[in-house]
Amino acid sequence: MRLRIRHSTVYAYEFPIRSAVQLLRMTPRDHEGQYVGAWRVEIEGEGRLRAGEDSLGNVTHALYVDGPVSKIRVTVHGEVDVVETHGVVRGAIERFSPEVFLRETSLTDLTPDMLAFLAELDPQGADRLAFLHRLMAALFARIEFRAGATVTETTAGQAFLQKQGVCQDFAHMFVALARRAGVPARYVSGHLFRHEGAIEQEAAHAWAEAFVPDVGWIGFDVANGVCPTDCYVRVAVGLDYLGAAPVRGSRTGGGRENMEVALSVAGKVQ
């Protein structure tokens, strides 16, 4: 599948900002089954970009803006060829042992209800892969996908309690429960081509990956109850959303901020 992606974010400020610094994780990279063609990061207006990588091997771009500026537009676009690997990720940059991804974070907290839920899934069974599929299916059945039900600061425990959330929450819950079962797991940000024809989308997608010995890292899109296919473009990984967010930053001045996102993901079978 060849996927064509265009992702534009516009920040408009009540008053001109004096300065801003943003870290962009919006550029995918090659690994087995994913091959990035022409890819561009563009800034409209005054701004300087510096390409780099973070500690986990994600491609980053640091954006420096000197004001006064009332609007910033960041656009990324390009093509990615994706081959079906049944969710298995091989050939990606791995700088640390999988055990690093057993570390809990504030967004992947656990509640007593989550621990009771986990105990019912036989987390210590001999077949780790079977357990992970049970975990995905159980969360998919329990949690309702509801746009706007949560915010980026919502924790796994909060989403589990209210039994609803978005793809970020599904990923956080899966990661938190897998780690407690002793399975290294991480958060993934990226894009999803939707077969129903929804080329224009409201936001990027998120899912999880878990490590299984003798297999490697395997993706689990809990929000859709499936392992990633050739409709997925993997962009960044982290311990949670904060480590893989497409954009994070700070600014000086500006008053209220209004953000508008435009995303299109189109696909063509090769």
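Here are the numbers:
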quantity: Which listed residue, of LEU115, LEU110, is under 22 Å from the mean Cα position of the chain (by Cα) and modelled with pLDDT of 95 or more; calculated: LEU110
quantity: Residue list for segment 206-243, filter: among the charged types (D, E, K, R), in contact (Cβ under 8 Å) with a residue 24 or more places away in the chain and part of a loop (DSSP other than H, G, I, E, B); calculated: ASP230, ASP240
quantity: Selection within segment 63-80 - crowded, with 17+ Cβ neighbours inside 10 Å and out of contact with any Pro (no Cβ under 7 Å at 6 or more places or on another chain); calculated: LEU63, VAL65, ILE72, VAL74, VAL76, GLY78
quantity: Entirely in segment 24-99, the strands (runs of 3 or more DSSP E) that have 3 or more residues that are in contact (Cβ under 8 Å) with a residue 40 or more places away in the chain; calculated: 34-44, 59-82
quantity: Criterion: outside the structural domain of MET259 (by TED's automatic domain parsing), among the basic types (Lys, Arg) and in a loop (DSSP other than H, G, I, E, B) - qualifying residue of ARG186, ARG194, ARG134, ARG179; calculated: ARG194
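The values are calculated or read from the model by the stated rules, or taken from the named source; none is laboratory data. Values in this document were obtained by computation on a predicted structure and should not be read as measured data. Reconstructed Cβ throughout: ideal geometry from the backbone, glycine too, with neighbour counts over all protein chains shown.
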